[in-house]
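Below: the structure, in structure tokens.
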Amino acid sequence: MATKQLKEFTREEVAKHNKQGDLWIIIDAKVYDVSRFQDLHPGGASVFFNDDIPGDDATEAFYGLHRHEVLEKPQYARLVIGTIKDEKSVVLGHQPGELSEVPYGEPTWLTKGYHNPYYKESHRKLQQAMRKFVDEVIYPDAQAREEDGKRPSQEVFDKMAEMEIHAMRMGPGKHLKGRKLMGGIVSPEEYDYFHELVVTQELTRIAARGYGDGLLGGKVIGLPPVLNFGSEELKARIVPDILAGKKFICLAISEAFAGSDVAGLQTTAKKTEDGKFWIVNGTKKWITNGTFADYFTVGCRTDDGFTMILIERGDGVETKSIKTSYSPTAGTAYITFENVKVPVGNTLGPEGGGLFVILSNFNHERWVMCCASARSQRGIVEECLKWSNQRKAFGKPLNSQAVVRHKLADMIARTEAIQSWLENVTYQMCNMSYKEQAVKLVGQIAFLKSYSTRSAQETARDAVQLFGGRGITRSGMGKFIEHYHRTVPFDALLGGAEDVLGDLGVRQAIRAIPKNARL
């Protein structure tokens, strides 16, 4: 279909249309006929008759009240009747796949003119493909589902499976063998933790925290124990459908009785007399993806300690949705296990060795959360830089105020520090075995997550201050700020509370102090 040719007007011609029933305005060199729309305007018709609005350039007034995306909606785009002669629009909408040009809107490795030792050409190609895929396929569904609370669309899961994104989110490993990753951009043998970092950070850009967890966050933390400690028979039976996005799995550790205190769990698993089955009883709470999961990676107390067991949905398994401060699309559940009969072959790792299984799993879980936290904070920095530049206060841009620049400085510094620390830890992961990571990186990752989430909460608070009332409004200019401020505590709790992780890191350091170390 041919693009409609817009008529050109001079500013003098537009100025003649400045009264009730005949009202034109200019926004970014485009002419809008709002004669019929003025009475339908959500903010009332009176705003169109403020000084310097009727028949005049309303660009500054518009961007002080609305996001650019409003102009791209069909019901408003059709109000455009022409353009201003010899002038061009300056503000362009986001194009799928494009990088931000706002300073600090991207990590330095994606910023023109900067250098980085960690990323190769395959990382850059993967980032480009993931950015476009997320913008076109995931973002629209994310914004819709975050609002209506429904599970992420199966169509999205299927398209992710076609690109092997489900498999890539599990990190490097044997599970990638023979798979065509993102259309062949990177080979399974070359895929490393920096590729996974890219995938995670691009997915985080959807700015929908509940949906982000609903997008099979439970698989990211619930499947590694199966991949690393499950029997070959078990893996062959359940992993293919999970990585195809047709079956779902979650990690079920937390209880009303114990969260970070894993040793205090009360869910029990007792063997039958013939030793062939576990009988599991207990409850789990705040389990991501639990409402729609087919499989549950469950921490249980057994006679010889703590054991991890893979439980399949069936008789005796009941899940209920828990209302939290983010969207039900995450599938957060309360789970009841009542005399659930589970084959002993579903045991993950040695009996009584569940603590090592879950602690080694925590490293990857917390690292993934650090990847997401770093990227989400960067998104808030970009929102605040844009807002402070276009918002006027006391007749000047908001960023002309020293106190505003100070807040921005702190936000930027925190975000850059976290990304740099994250990349250093990721480099160590690329050069350590899974077992080495479980020993050497426990403290590092614990500190990184604790610092990341503390910083995130400070950034959320500062962002609300910059946006004012808009920062606590679930729509409009500050919608992403409100959402971030409301949901950022999840990162501070899931995977281990900040204080617990800080203490863990220090205890790891104390244990490693040489016996001959003296002042």
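E338 - would you say it is at pLDDT 95 or above, over 29 Å from the mean Cα position of the chain (by Cα), open to solvent by 20 Å² or more (accessible area, probe 1.4 Å) and closer than 19 Å to A256 by Cβ? If you could, list the steps in order and put the result at the bottom.
Numbers: at pLDDT 95 or above: yes; over 29 Å from the mean Cα position of the chain (by Cα): yes; open to solvent by 20 Å² or more (accessible area, probe 1.4 Å): yes; closer than 19 Å to A256 by Cβ: yes.
Yes; evaluated as a whole, the condition is true for this residue.
So how many residues does segment 256-285 have that are within 29 Å of the chain's Cα centre (by Cα) and either β-branched (V, I, T) or at pLDDT 95 or above (or both)?
Residues flagged as within 29 Å of the chain's Cα centre (by Cα) and either β-branched (V, I, T) or at pLDDT 95 or above (or both) within segment 256-285 amount to 4.
Give the residues of segment 486-510 that are under 22 Å from A208 (Cα atoms) and of a type in the set (D, E, K, R), sorted by residue number. Even if it seems obvious, please write down each step before you answer.
Quick first cut of segment 486-510, residues under 22 Å from A208 (Cα atoms) only: 486-497.
Hits for segment 486-510 are R486, D491.
Filter segment 49-85 for residues that are over 23 Å from S388 (Cα atoms), in contact with a strand residue (DSSP E or B) (Cβ under 8 Å, 6 or more places away or on another chain) and not hydroxyl-bearing (S, T, Y) and give the result.
P54, G55, D56, L79, V80, I81, G82, I84, K85
Looking only at helices (runs of 4 or more DSSP H) that fall completely inside segment 22-126, which ones have 1 or more residues that are of a type in the set (A, V, I, L, M, F, W, C) and surrounded by 15 or more Cβ atoms within 10 Å (Cβ to Cβ)? Break it down into steps so the answer makes sense when it comes.
Numbers: elements: 59-63, 69-72, 74-77.
Of the helices (runs of 4 or more DSSP H) lying wholly inside segment 22-126, those with at least 1 residues that are of a type in the set (A, V, I, L, M, F, W, C) and surrounded by 15 or more Cβ atoms within 10 Å (Cβ to Cβ) span 59-63, 69-72.
In the set S420, S455, which member is touching a residue at least 40 places away in the same chain (Cβ under 8 Å) and either at negative phi or outside the structural domain of A333 (by the TED database) (or both)? Reasoning before the result, please.
Numbers: S420 fails: touching a residue at least 40 places away in the same chain (Cβ under 8 Å).
The unique qualifying residue is S455.
Can you pull out the residues in segment 356-370 that are polar (S, T, N, Q) and either open to solvent by 20 Å² or more (accessible area, probe 1.4 Å) or under 18 Å from D192 (Cβ atoms) (or both)? Outline the logic, then answer.
The first filter runs over segment 356-370 and keeps only residues polar (S, T, N, Q), leaving 360-361, 363.
Selection gives N363 alone.
Look through segment 188-216, keep the residues that are assigned to a loop (DSSP other than H, G, I, E, B), touching a residue at least 40 places away in the same chain (Cβ under 8 Å) and open to solvent by 10 Å² or more (accessible area, probe 1.4 Å), and return whichever of them is farthest from G290 (Cα to Cα).
Let us first name the residues in segment 188-216 that are assigned to a loop (DSSP other than H, G, I, E, B), namely 188-192, 205-208, 215-216.
Add one more test, that the residue is touching a residue at least 40 places away in the same chain (Cβ under 8 Å), and what stays is 190, 192, 205-208, 215-216.
Narrowing further to those that are open to solvent by 10 Å² or more (accessible area, probe 1.4 Å): 190, 192, 205, 207.
Details: E190: 33, D192: 29, R205: 24, A207: 22 Å.
That would be E190.
In this structure, does R145 turn out to be of a type in the set (K, R), surrounded by 19 or more Cβ atoms within 10 Å (Cβ to Cβ) and under 26 Å from R474 (Cα atoms)?
On the way: of a type in the set (K, R): yes; surrounded by 19 or more Cβ atoms within 10 Å (Cβ to Cβ): yes; under 26 Å from R474 (Cα atoms): yes.
Yes.
Quick one: which strands (runs of 3 or more DSSP E) sit completely within segment 270-371 and have at least 3 residues that are over 30 Å from A208 (Cβ atoms)?
Details: elements: 277-287, 295-302, 305-312, 317-321, 333-343.
Correct list: 277-287, 295-302, 305-312, 333-343.
Among the residues of segment 217-240, which ones are without any contact (Cβ under 8 Å) to a residue 40 or more places away in the chain and farther than 16 Å from I309 by Cβ? Before you say what the answer is, go through the steps one by one.
Taking segment 217-240 as the starting set, the residues that turn out to be without any contact (Cβ under 8 Å) to a residue 40 or more places away in the chain are 232, 235-237, 240.
The answer is E232, A236, P240.
The values are calculated or read from the model by the stated rules, or taken from the named source; none is laboratory data. This is a predicted model, so every value here is computed, not measured. When we count neighbours, we look across all protein chains shown, and the Cβ atoms used for this are built from the backbone with ideal geometry, even at glycine. Calculation scope for accessible area: heavy atoms of the full protein, side chains included, ligands and nucleic acids excluded. Shrake-Rupley method; radii C 1.70, N 1.55, O 1.52, S 1.80 Å.
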